[in-house]
1. For the range 17-61, name all the residues that are on the phi < 0 side of the Ramachandran plot, among the charged types (D, E, K, R) and either in a loop (DSSP other than H, G, I, E, B) or out of contact with any helix residue (DSSP H, G or I) (no Cβ under 9 Å at 6 or more places or on another chain) (or both).
2. Any residue at all in the range 47-65 that is among the aromatic types (Phe, Trp, Tyr) and surrounded by 13 or more Cβ atoms within 10 Å (Cβ to Cβ)?
3. State whether the residues of the range 1-22 include one that is more than 30 Å from ALA218 (Cβ to Cβ) and crowded, with 17+ Cβ neighbours inside 10 Å.
4. For the range 179-200, how many residues are at pLDDT 95 or above, in contact with a strand residue (DSSP E or B) (Cβ under 9 Å, 6 or more places away or on another chain) and either in a loop (DSSP other than H, G, I, E, B) or farther than 28 Å from ASN35 by Cβ (or both)?
5. Are any residues in the range 77-111 under 16 Å from GLN125 (Cβ atoms), part of a strand (DSSP E or B) and not aromatic (Phe, Trp, Tyr), and if so, which ones?
6. Only one of (1) surrounded by fewer than 19 Cβ atoms within 10 Å (Cβ to Cβ); (2) over 15 Å from ILE255 (Cα atoms); (3) in contact with a Pro (Cβ under 9 Å, 6 or more places away or on another chain) is not met by PRO149, so which one is it?
7. Filtering the range 270-285 down to residues that are within 15 Å of ILE182 (Cα to Cα) and either at pLDDT below 95 or buried (at least 23 other Cβ atoms within 10 Å of the Cβ) (or both), which residue is nearest to the chain's Cα centre (by Cα)?
8. Could you list all residues from the range 193-216 that are closer than 26 Å to ASP283 by Cα, of a type outside the set (Ser, Thr, Tyr) and surrounded by 14 or more Cβ atoms within 10 Å (Cβ to Cβ)?
Amino acid sequence: MDYISEIASRLAEISKSREILSANLNELNKSKIINLKTEIKNRKLNNIKICGVDGGFLKKELHGAGIILRRAVGVCFEYKNGKLENTGYFPGKIPLPDAVVTGPELSEVDFNLFAGLKREEIELQTCLQSIEKFSPDILIRDGSIVLYPSNLPAENSEAYETYKEVVALYKKLYKTCEEKNILLCGAVEDSRGKRYCKLLHDEIIPNIPASHAVKLLAHKDILLNTTDTLFLYYLLNVGERTAPMDYSQSSELPILKDMDEYAKKIFAVYIKAVEFDRPLRVDFFSNPEKLNETVEKISEIIFAISSQNRTYSYPNVLIEADGRAKLSEIEIERFMAELKQKLGHNPAMFELRRAVRPF
């Protein structure tokens, strides 16, 4: 078992390097040589409506068909005098899932892209409908407020038209929140982003005066081999956040290019809400001229609703939405059984051979 000791030793060494670098950066931050983080003010939740939206999703590829089950739930927590007074749900507490069935025309790759986009579609529709129903002060999505690059199909893909429809829904959501003065953000549960570490490595540390940067040089390159949340676990204290940063280094990314003028209004911040969990990444929408005001408001609200458990940091409204929206495998099996019963012995409903090998 010596190899396990070797692996543990290597991981401990890397973690120690992150810890040393963050301690040195904290010293410089305390001396006001750099400005990396800000303390979040404690905010009493008073006369505020917080809406969270999450979705549940299952898919099954068959010989001649693809089956997608999906649903999304909007939950609205209304706080008065620091207490939760009312809870609302849209379209209901546990709505029936929506089924989408495709034919054999989609390749395996296109089916997976199409399925992911249909999940985004119902979640975005629920965001817009929840705004109409609840008129919240802040809307929080589970996940980012930008479509992930892995969901971008090629222009010749069968899923491309659905992609364009989803992009239109994103832009409608941005516009609606902007016009109604609603804070819009997304909590990324398990972010593996490296944008903040890249900023530190490429732009912040090289601009620190040489006399102050000496201690950093031996550990600087650890930033090339770490995620933001791993490093910020050491850099941030509970109740602190990073300075906001642009969502991407370049607005020329294909997905951001399709967002038109909205691409320059998407930012990200990391918030450490509890002691024994990683910082939470929050992507948010803001007019650049009001960036500091927006990030302050969003950070205060997210901190207030994400710090109930010392080992798990996530907005409580999204925990509730997830519990209402998630789907179990039994539900798609039940749907398939009913469909087969009506179709009879139909080869379109045959399972893929790799899923039913008898040996």
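1. The answer is LYS30, GLU39, LYS41, ARG43, LYS44.
2. Within the range 47-65, one or more residues are among the aromatic types (Phe, Trp, Tyr) and surrounded by 13 or more Cβ atoms within 10 Å (Cβ to Cβ).
3. No, the range 1-22 contains no residue that is more than 30 Å from ALA218 (Cβ to Cβ) and crowded, with 17+ Cβ neighbours inside 10 Å.
4. 1
5. ASP98, ALA99, VAL100
6. Of (1) surrounded by fewer than 19 Cβ atoms within 10 Å (Cβ to Cβ); (2) over 15 Å from ILE255 (Cα atoms); (3) in contact with a Pro (Cβ under 9 Å, 6 or more places away or on another chain), only one is false for PRO149: (2).
7. For the range 270-285, the residue satisfying everything is PHE284.
8. GLY193, LYS194, ARG195, CYS197, LYS198, LEU199, LEU200, HIS201, ILE204, ILE205
The values are calculated or read from the model by the stated rules, or taken from the named source; none is laboratory data. Quick caveat, the model's predicted, so the values are computed rather than measured. Methodologically, a virtual Cβ is constructed for each residue, glycine included, from the backbone with ideal geometry; neighbour enumeration extends over all protein chains shown.
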